[in-house]
1. So residue 216 ticks every box in (1) within 21 Å of residue 134 (Cβ to Cβ); (2) open to solvent by 50 Å² or more (accessible area, probe 1.4 Å); (3) at pLDDT 95 or above but one. Which box is left unticked?
2. Could you please tell me which pairs satisfy a Cβ distance under 7 Å, a separation of 6+ or placement on different chains, a first residue in the stretch 66-79 that is modelled with pLDDT of 75 or more, and a second residue that is open to solvent by less than 90 Å² (accessible area, probe 1.4 Å)?
3. For the stretch 178-192, enumerate the residues that are farther than 17 Å from residue 209 by Cβ and open to solvent by less than 30 Å² (accessible area, probe 1.4 Å).
4. Based on this model, can you work out whether residue 202 counts as crowded, with 20+ Cβ neighbours inside 10 Å and either at pLDDT below 95 or of a type outside the set (A, V, I, L, M, F, W, C) (or both)?
5. Which number in (1) closer than 22 Å to residue 134 by Cβ; (2) open to solvent by 20 Å² or more (accessible area, probe 1.4 Å); (3) not hydrophobic (A, V, I, L, M, F, W, C) marks the one condition that residue 166 misses?
6. Inspect the stretch 124-140 for any residue being at positive phi and open to solvent by 90 Å² or more (accessible area, probe 1.4 Å) and give the result as yes or no.
7. Since residue 147 meets every condition but one in (1) touching a residue at least 60 places away in the same chain (Cβ under 8 Å); (2) open to solvent by 70 Å² or more (accessible area, probe 1.4 Å); (3) of a type in the set (Asp, Glu), which condition does it not meet?
8. How many residues does the stretch 203-223 contain that are farther than 15 Å from residue 244 by Cβ and assigned to a loop (DSSP other than H, G, I, E, B)?
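The values are calculated or read from the model by the stated rules, or taken from the named source; none is laboratory data. Here the structure is a predicted model, which is why all the values come from computation and not from measurement. Glycine also receives a Cβ, built like all others from the backbone with ideal geometry; neighbour counts cover every protein chain displayed. Quick note on the areas: whole protein, heavy atoms, side chains included, nothing else; ligands and nucleic acids left out. Shrake-Rupley method; radii C 1.70, N 1.55, O 1.52, S 1.80 Å.
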Amino acid sequence: MKTLGKLSSSHVIATLALFVALGGPAGAAGVRLITGSEIENRSISGIDIKRESLSGRHLRDGSVTGLDVRNGSLHAEDFAAADLAKLAGVKGDTGAKGDPGAKGDPGAKGDPGPAGAAGTAGPAGAAAALDSASATGTDITNYQNLDPIVSLNAGAPGYYLAVASGTVTNTGGSDDYLNCGFDVSGSLSGSAGFSTTAGNATSGSSVTLAPTNNPNETVTFVCMGSGVTTFDLSNLKMKLIKLADQ
């Protein structure tokens, strides 16, 4: 028997028509079925296949790949809900942490901000109080060298600014200079004196730093002339101002 060659789509259609004319299966006894190997490749197109006549079970597993599917031809409704959920839930692995980048150059210095509003002035502080003491001496006629003129108690040990003032009248016939100072427990701290002329009065003051080492030491203003004339003293005053603790 002669073997059939490759059939075209027209051959297949003619054969199917003959099959129907013979009365279907009853008239097809002894007729050999056509297999896929006897159909010429790419001879059957979509128009030769009845719509919805093929389902997934007619396709060999793995016979359709992504290359056989036209891009954009599949949509969400073409997939089962469970398969869509699986695709949405797949999360890629976290990549390895990259190395730190190089440190950038410092940015340009910004402009100074506006000056803030002036704050509210605080309350005035209490006036500083200096530890001080004052005394007034009595007038002295015919003053004798190193006799006390005015004295003050220094209180606590420390460094005191000692100030004495008065008027010195030269009652003799010669000009003379009256040297003055402050005596603290026998230790004399020198200071300015009075330059006098015979028969005239001179006013002035003497200032020195008088240290005290013991509580309640007495600071005394004293003077000494050269002995060539005599002096009368008046308007005598003295003040001690504590500057620091000893």
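1. Condition not satisfied by residue 216: (3).
2. Every condition considered, the pairs that remain are 76/84.
3. Within the stretch 178-192, 178 is the sole residue that qualifies.
4. Values: crowded, with 20+ Cβ neighbours inside 10 Å: no; either at pLDDT below 95 or of a type outside the set (A, V, I, L, M, F, W, C) (or both): yes.
It is false that residue 202 is crowded, with 20+ Cβ neighbours inside 10 Å and either at pLDDT below 95 or of a type outside the set (A, V, I, L, M, F, W, C) (or both).
5. Condition (2) is where residue 166 drops out.
6. Scanning the stretch 124-140 turns up no residue that is at positive phi and open to solvent by 90 Å² or more (accessible area, probe 1.4 Å).
7. Going through the list (1) touching a residue at least 60 places away in the same chain (Cβ under 8 Å); (2) open to solvent by 70 Å² or more (accessible area, probe 1.4 Å); (3) of a type in the set (Asp, Glu), residue 147 breaks only (2).
8. 4
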